[in-house]
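One structure is given below, encoded as structure tokens.
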Amino acid sequence: MIEIEGLGKSFTLHNQGGAVIPVMTGAHLRVARGECVALTGTSGVGKSTLMRMIYGNYRASAGRIMVGETDIAGAAPREIIQLRRDTLGYVSQFLRVVPRVPTREVVAEPLLTLGVARADAIARAEALLARLNIPQALWSLSPTTFSGGEQQRVNIARGFAHAFPALLLDEPTASLDAANREVVLTLIEEAKARGAAIIGIFHDEAARGRVCDREVDVGAFAPGQAA
Amino acid sequence: MTPLLQVRDIAKFYGARRGCEDVGFDLYPGEVMGIVGESGSGKSTLLSCLAGHLPPDRGEVIFDTQLHGPRDTLTMSEPERRMLMRTDWAFVHQHARDGLRMGVSAGGNVGERLMAVGARHFGEIREQAVDWLGRVEIAADRVDDKPQAFSGGMQQRLQIARNLVTGPRLVFMDEPTGGLDVSVQARLLDLLRGLVREMGLSAVIVTHDLAVVRLLADRLMVMKDGRVVEDGLTDQVLDDPQHGYTQLLVSSVLQV
């Protein structure tokens, strides 16, 4: 489902003397349907950078990133927009929403964008919020004032609202208590069971061991270290 | 899929000074494109050229019309272009007073645009006007008040209702949240996002506010000195800017 070959990335800082900072070279990765692959490596090694490149958030300097039939590294913006709507989901570490929008709308939005009937989208959103132990009294409020853990759970509910065939998870269990961590791991297992290809960053080793089938050390793609 | 709007090689000069030059892009149905840049970068000149308010010195603005397919709006007849502006196109001005009839009631402001496309039944016009005022969160008991009696945020919402009541397919917006309090801005952003999704609108939004484009626009074009220096997916341009000017722009935003 996800195939990465010869992927390279460097940043050029035009306002700091045009410094060119290579951060990745020759990255490669394959994830099949129903498989979960963990990105590992020390902090700053480029795990999030790789994930952002797969989402099309960072521009690739070289190589190919196939998600289904689309090469993210060369795709037009509207192809990536479409891919993000129906195929590729991303749970980032930070919730970014329009202020004032109620939580249940935030979670239902990916479904509404896909044209799912409003009642069905809201029902799915509410079921996920309930599973993730967000008190019902909060559903009609904007999540901007919620605690860090609550925002993280709203973000996860939003990411799992649509059954994406490919999912990127950046620290999905960070800042969660044991009960909610269990819910998130079960959601990941369910997504795998329905055939989703998943790439995740997990600092939580026990979580990684439970849901991930393989680990890929991103440090191997650091410039100057590639074999 | 046919692009809704195809912009080719637009240039506009004020004497020897460049307003904008070499601008081209395709906009597809349902897409929202943001145009950012500092004051004097040519973004408003470009928007005026696209929307037919200012004749460019060269270029094409090809719109996929409902009756005749893609047509260059710069060479079509004046009555044809006026009809387009009243039906398929809408323009939301930064200052609501530029887009409203200040001496006419709120209901009249919305109804007038319906009448311009042939609506004649007073009861139906009023009913639609009240429905639209509700959608932009203006209470039904304000329908007979004139816009002078409205706050800035309400005037802006009224302008949006007036523009969208005829079900346009393409909306041009010039700094739609400029000059509003942040809480009012958020409300307007939420409203615009909902309308774009529900009506399947395409939009071109000019703003200098990067937070606004991140929340509203799928794609982003960055202008400097009348030229496009960078374009791409909105979050890609903002999170991984390639051009020096964009890097400066993004790094200059105050964090809250």
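The values are calculated or read from the model by the stated rules, or taken from the named source; none is laboratory data. Because the structure is predicted, anything quoted here is derived from the model rather than measured. Using ideal geometry, Cβ is built from the backbone for each residue, glycine included, and neighbour counts are taken over all protein chains shown. Each accessible area value is taken on the protein alone, full model and side chains, heavy atoms only, with ligands, DNA and RNA left out. Shrake-Rupley method; radii C 1.70, N 1.55, O 1.52, S 1.80 Å.
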- For B:Arg214, what is the net charge nearby, where nearby means another residue's Cβ is under 11 Å from its Cβ and Lys, Arg count +1, Asp, Glu -1? -3
- When the Cα centres of the stretch B:1-43 and the stretch A:196-220 are compared, how far apart do they sit, in Å? 44 Å
- Each residue of the stretch B:53-68 in turn: what ³J(HN,Hα) in whole Hz from Karplus with 6.51, -1.76, 1.60 and θ = phi - 60°, glycine and Pro shown as x? 8, 9, x, x, 6, 7, x, 10, 10, 9, 10, 7, 6, 5, 8, 10
- Item | Folded to 0 to 90 degrees: helix A:118-131 orientation relative to chain A principal axis, Cα | 80 degrees
- Task: Would you mind classifying the stretch A:1-156 by shape? Square roots of the alpha carbon gyration tensor eigenvalues, ordered a ≥ b ≥ c; an a/c under 1.5 is rounded, otherwise it is prolate if a/b is larger than b/c and oblate if not.
- Result: prolate
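Given +1 on the Cβ of Lys and Arg, -1 on the Cβ of Asp and Glu, and no further charges, what dipole in debye does the protein assembly as shown carry about its Cα centre, rounded to the nearest 20?
500 debye
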- Message: If you take every residue apart from B:Lys224 with its C-beta less than 13 Å away from the C-beta of B:Lys224, what net charge results, scoring Lys and Arg +1 and Asp and Glu -1?
- Response: -3
- Task: Could you state, as a whole-number percent, how many of the C-alpha pairs of the protein assembly as shown are farther apart than 44 Å?
- Result: 18 percent
- The relative contact order of the stretch A:1-154, taking Cα pairs under 8 Å that sit 6 or more residues apart, comes to a percentage of 19 percent
- Message: Give me the inter-chain shielding for A:89-101: mean count of other chain Cβ atoms within 10 Å, whole number please.
- Response: 3
- Message: Along the charge dipole of the stretch B:137-181, pointing to its positive end and built from +1/-1 on Cβ of Lys, Arg, Asp and Glu, which listed residue (B:Gly178, B:Gln159, B:Gln148) has its Cα farthest out?
- Response: B:Gln159
- May I ask for the accessible area buried between chains B and A, both sides summed, probe 1.4 Å, to the nearest 100 Å²? 2400 Å²
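So for the protein assembly as shown: antiparallel DSSP bridges make up what percent, rounded to the nearest 5?
Counting only bridges with both partners in the protein assembly as shown, antiparallel ones make up about 55 percent.
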- Query: Rounded, prolate or oblate: which fits the stretch B:126-205 when a ≥ b ≥ c are the square roots of the eigenvalues of the alpha-carbon gyration tensor, with rounded for a/c under 1.5 and prolate only if a/b beats b/c?
  - Reply: oblate
- Item | Karplus-derived 3J(HN,Hα), 6.51/-1.76/1.60, for each residue of the stretch A:162-176, Hz, glycine and proline x | 9, 7, 5, x, 9, 9, 10, 10, 9, 6, x, 9, 5, 6, 10
- If you line up the long axis of helix B:182-199 against the longest principal axis of chain B, both from Cα atoms, how many degrees apart are they, to the nearest 10? 80 degrees
- Using only Cα atoms, find the angle between the long axis of helix B:152-164 and the longest principal axis of chain B, and express it within 0 to 90 degrees, rounded to the nearest 10. 90 degrees
- Query: Residues of A:74-81, mean number of Cβ from any other protein chain within 10 Å of their own Cβ, rounded to a whole number?
  - Reply: 5
- Sorted on mean Cβ neighbours within 10 Å (highest first), peptides B:242-249, A:175-182, B:34-41, B:54-61 come out as B:34-41, B:242-249, B:54-61, A:175-182
- Ratio of Rg to Rh for chain B, alpha carbon only, Kirkwood? 0.97
- Give a residue-ordered list of calculated ³J(HN,Hα) values for the stretch B:99-114 (Karplus: 6.51 cos²θ - 1.76 cosθ + 1.60, θ = phi - 60°; whole Hz; x for Gly, Pro). x, 10, 9, 5, x, 10, 4, 4, x, x, 4, 6, x, 4, 5, 5
- Note on the structure: Taking a ≥ b ≥ c as the square roots of the eigenvalues of the Cα gyration tensor, with a/c under 1.5 meaning rounded and otherwise prolate when a/b exceeds b/c and oblate if not, the stretch A:93-156 is prolate
- 25 Å Cα-Cα reach of A:Lys192 towards lysines, excluding residues that sit fewer than 8 places from it in its own chain: A:Lys47
